[in-house]
Structures are given as structure tokens and as C-alpha cells.
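Provided herewith is a single structure, encoded as C-alpha cells, for subsequent inquiry.
The values are calculated or read from the model by the stated rules, or taken from the named source; none is laboratory data. Note that the structure is a prediction, hence the values are computed from the model and not measured. Please note: Cβ atoms are built from the backbone with ideal geometry, for glycine as well, and neighbour counts cover all protein chains shown.
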Amino acid sequence: MDLLTDCVAVFFIAHFLWSYYWNCYRKGYKLDFWHFGLVFNVFTIHVMLPFTRIDFNALVIGPYLWKRTAPFINEAYLISAFGYAGILIGGNLWRLRLGLGLRRGFDRVIEWPLQGALNVLRAPRLLIVHCVISLMLLGTTLAIYFAHDGFGFNLRGLLLVMPALRPLAQFSAFYAIIAGGYAFARYTIYRERSMLLLTVPIALAFCFYAERSNIFGLFLTGAVVTAIRMRRRIRLLYIAAGFVGVLFLVMLLDAIRRPNFSLSGMLQGFGFNVFFGNSFSDTRDFATILSFWHGQFLWGKTYLAALISFVPRVLSPFRDKWALGVVTATMAGFLPTEHPGLRIGISGEAFLNFGLPGVLALSLFLGSVLRLIDMRVKQSLAELPRSGMRVYAYFFLGYLVGAAQNSSGGSVVYTVLAFLAVSWAMIKVSRLLKLPLA
């Protein structure tokens, strides 16, 4: 079985490199949205496979859990690889001409959020208001955190024992990611210092959250779109350096959360933490869950819990039991008040709910949307090569794709809707009062 999984992993890694060379590099890009969307999964699923089998993992999750987990590594990998293959297939569905109007239907569905994002990007004063709202929300959240636990860098730890604060913390964080990310996007295009001055305090506030994905998401849109727009002018060395920089930031924020933080110790254990730590251990964590799973499907309960994510857990016994973080933590023997849950990859949740058919359905959807965004981005650059506004707007759909991968991000959908609703209301009021937003 090890030989089979190794061959599958080598095949998908080779396929990714071949696809990148012929479909990205040879077509004039050093980076595109499609391969950017794939590279994280290639790393966490395929590149990490040999490291998930090594006994060093016992030093991270403990000898007992490792003894249970190790026999399920190959099964967890093959399920994840099946999901990755589904993404590739979904991305190629747009090549088919079925005559069913699917592409026109998709275009109509995405036009509304796309136009909403463009309205914000093209109105700097509107964006300033969004950033001010974000800072107020973040300030309120951190004030509650400091009042309860004192000054610190681990708001995430408080949310485990104070779930009533979680809806505000999650909403304020993602609202700030959208607003601050678009402010940084305008800075990359127009070099507006006011936009950079709005982005920096949001990034500083996220340092207290101890959530790596927040700071990463804040600058992600600007960095990736800049690399795509530069095409061949950007060096691969810079992209590789950016990837290593992200790894370093991930490890640094993980170390800051610990009470005995040591920068020298973090640097010494950098490689160990990357390949055996908890940041990229999706396959290992999925194998841990499979070792406790009794074969009974959840039949969508975690997705339903995400659908009602606007209801605080303290008011919803259903969410308190069936939220994905709670399910994975309790299955592995942890208390939900002490552990946020395990990362089980893009295929883990779909498999636990609906088996392989669920994995296939989700992966086909993800692949088709990622490819559609990639095609629209390249079309926009071909039509208006000097303008990045429409390209940035397409990344708005990327937020929704990310939420679909894991129901723990279900609140993202409501935050996106709230962001668009606030934007629409402010535009209407400004037109009524004849106040310029540009």
C-alpha cells in the first residue's frame, strides 16, 4: 500500500509541474490563479505524504495517538488524492460544450458579487469607511479579550472557553480581511499611502488573534494579483522567497502562541515544525479522525451547523455538538473548550458526511469555480492589461470558494453578504445626498 500511495503522490506532483510549465509558464505567466489554488493542496497532500509516516509525528501528537493514526495514513491520503483528482477534473469541465447554458448561468451568478466588489475598489472613500468599521470591530473584540485575560497574543485560546465572543471575533476578522485586503490592493495599483496606513493597523490587530490565516489573507490578494499582472517580469526566485516567507510567518505566529516562546528555538526547529508540526498536517489529522470513526456518516450535520453559524453556540445546542471543530475535537478525545479541532483537508469533511460521492461532488465544484476565476482573470488582463481592478474583484469569489472547502468558514458567506449590503447602502445614501465616494 505504501508503494501505491507513493506512486500516486509522485504522479500528481509530476502532473502539477508539467501543467505549470505548459499551461502557465509557457503561456506568459509566472503565476496564475489556477496553479496558485492547486499548490497548497499539492504540498499538504502529496509532498507531505512521506513525512506523515515518520515516527517523529509521535513527538507532536503523542505516542498513543500516533499508534492509532499510523495505520490509517494511506487511507486518508487516498481519499484526499481522490478529492484532488476531482478538482482537476472539475477544472477541465469548461472545455466541454454541452449546450446546457452552464457557463452563461455561472456568469450571471457571479456578476452580482463581482460588481459589488468593483464598486468598493473604485470608491476609495467607501473603502476608508469599511476599514474604519473594521478597526472598530477589531478594537471592540480585543478590548474584551484584554479585559478578560490581560494583554496577550492568543485570542484564539480565549474563544475556546468563551464561545459567546466567537461570532464577533470571526465576523470582525473576516470583515477586516476583505476591507484591509482591498485597501492594500489599491495601494499596489495606485500607491495611495492612505490605503497602506489603513492596512497596517489591521495587520497589527491580527497579531493578537494568533490566527495565521488572518494576516496571510490580508496581504494575499494584493501579492498574488501583483504577481499575476507582472507575468514574466516577476522572477520565480521572488515567488519562492515569498512562499518561504509565508512558512516562516506561519511558524512564528504558532510559536508566539506558546507560553515559552523562543525565537532561537523556533529558528532551530523550523524544518521540523514545517514537516511534522500542525500547520500542514491535514493528512495526518484526517488519519487520526479515521482511526476513531465508526463508519457512520454525518449526513450533512456539520454543513447545517455552518449554515446557522450566525447563531452563537451558547444559543444553539445543535451547533455546540455538530460544528466541525467540535466534532473533530471530540472524536479525537479532546475537549472542545481546550482544542479548536483538527484540520482534515479539503476532502475530510465531505467524506465524513457523504463518503466518496460527497468528496467527488465538492471537488468538482471547487475545480470548476477555480478554473472559471482563472479564465476570467486572464481574459480581463488581455482586455485591460494595465488595470487590476477587475482582477482583484474576481478574488472576491475566492473567499466563497475557500468557505466551501471547510464548513468552519461558514460565517465567511454571511460576512461577505454583510460587506456587500453595507456597501450597497452607503452607495445609495451617498447618491441620495450627492456625496462623492471616489
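What are the pairs with Cβ atoms under 6 angstrom where one residue, in the stretch 153-177, is modelled with pLDDT under 80 and the other, located anywhere, is polar (S, T, N, Q)? Sequence gap at least six, or different chains.
Filtered contacts from the stretch 153-177: Leu160/Thr337; Val161/Thr337.
Residues checked against (1) of a type outside the set (S, T, N, Q); (2) free of Cβ contacts under 8 Å to residues at least 40 places away in the same chain; (3) surrounded by fewer than 21 Cβ atoms within 10 Å (Cβ to Cβ); (4) outside any helix (DSSP H, G or I):
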position	(1), (2), (3), (4)
Leu17	yes, yes, yes, no
Leu59	yes, no, yes, no
Tyr64	yes, yes, yes, no
Ala81	yes, no, no, no
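How many of the residues in the stretch 21-55 are free of Cβ contacts under 8 Å to residues at least 40 places away in the same chain and more than 27 Å from Phe276 (Cβ to Cβ)?
Residues meeting the conditions: 7.
For residues in the stretch 168-211 being surrounded by fewer than 19 Cβ atoms within 10 Å (Cβ to Cβ) and of a type in the set (Lys, Arg), which is farthest from Gly152 (Cα to Cα)?
Residue satisfying both the conditions and the ranking: Arg191.
This table checks each residue for (1) more than 18 Å from Gly116 (Cβ to Cβ); (2) more than 15 Å from the chain's Cα centre (by Cα); (3) surrounded by 15 or more Cβ atoms within 10 Å (Cβ to Cβ).
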{"site": "Leu364", "(1), (2), (3)": "yes, yes, yes"}
{"site": "Arg371", "(1), (2), (3)": "yes, yes, yes"}
{"site": "Met375", "(1), (2), (3)": "yes, yes, yes"}
{"site": "Gln379", "(1), (2), (3)": "yes, yes, no"}
{"site": "Asn406", "(1), (2), (3)": "yes, no, yes"}
{"site": "Leu417", "(1), (2), (3)": "no, yes, no"}
{"site": "Ala425", "(1), (2), (3)": "no, yes, no"}
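Going by what's in this entry, would Gly355 be described as at positive phi, exposed (fewer than 15 other Cβ atoms within 10 Å of the Cβ) and at pLDDT 85 or above?
Values: at positive phi: yes; exposed (fewer than 15 other Cβ atoms within 10 Å of the Cβ): yes; at pLDDT 85 or above: yes.
Taking the combined requirement at face value, the residue satisfies it.
Of all residues in the stretch 38-77, which are under 20 Å from Ala14 (Cβ atoms) and either among the β-branched types (Val, Ile, Thr) or in contact with a strand residue (DSSP E or B) (Cβ under 8 Å, 6 or more places away or on another chain) (or both)?
Val39, Val42, Thr44, Ile45, Val47, Thr52
Kindly provide the set of residues from the stretch 321-347 that are in a helix (DSSP H, G or I) and without any contact (Cβ under 8 Å) to a residue 60 or more places away in the chain, ordered by number. Working first, answer last.
Here is the first cut: in the stretch 321-347, the ones in a helix (DSSP H, G or I) are 321-322, 324-331, 345-347.
Residues satisfying the conditions are Lys321, Trp322, Val326, Val327, Thr328, Ala329, Thr330, Met331.
Pairs needed: first member in the stretch 207-227, among the hydrophobic types (A, V, I, L, M, F, W, C); second member anywhere, modelled with pLDDT under 75 and in a helix (DSSP H, G or I); C-beta distance under 6 Å; at least 6 residues apart or different chains.
What qualifies is Ala210/Arg156.
Here are some residues: Arg191, Arg186. Which one is without any contact (Cβ under 8 Å) to a residue 40 or more places away in the chain and within 15 Å of Gly222 (Cβ to Cβ)? Explain how you work it out, then say what you get.
Values: Arg186 fails: without any contact (Cβ under 8 Å) to a residue 40 or more places away in the chain.
On inspection, the qualifying residue turns out to be Arg191.
Going by the structure shown, is Ala123 at pLDDT 90 or above, surrounded by fewer than 21 Cβ atoms within 10 Å (Cβ to Cβ) and either closer than 18 Å to Val377 by Cβ or hydrophobic (A, V, I, L, M, F, W, C) (or both)? Quick ask: steps written out before the conclusion?
On the way: at pLDDT 90 or above: no; surrounded by fewer than 21 Cβ atoms within 10 Å (Cβ to Cβ): yes; either closer than 18 Å to Val377 by Cβ or hydrophobic (A, V, I, L, M, F, W, C) (or both): yes.
Against the criterion (at pLDDT 90 or above, surrounded by fewer than 21 Cβ atoms within 10 Å (Cβ to Cβ) and either closer than 18 Å to Val377 by Cβ or hydrophobic (A, V, I, L, M, F, W, C) (or both)), Ala123 does not qualify.
While we're looking at this one, here's another question. Of the numbered conditions (1) modelled with pLDDT of 75 or more; (2) part of a helix (DSSP H, G or I), Ala241 fails exactly one; give the number of that condition.
(1)
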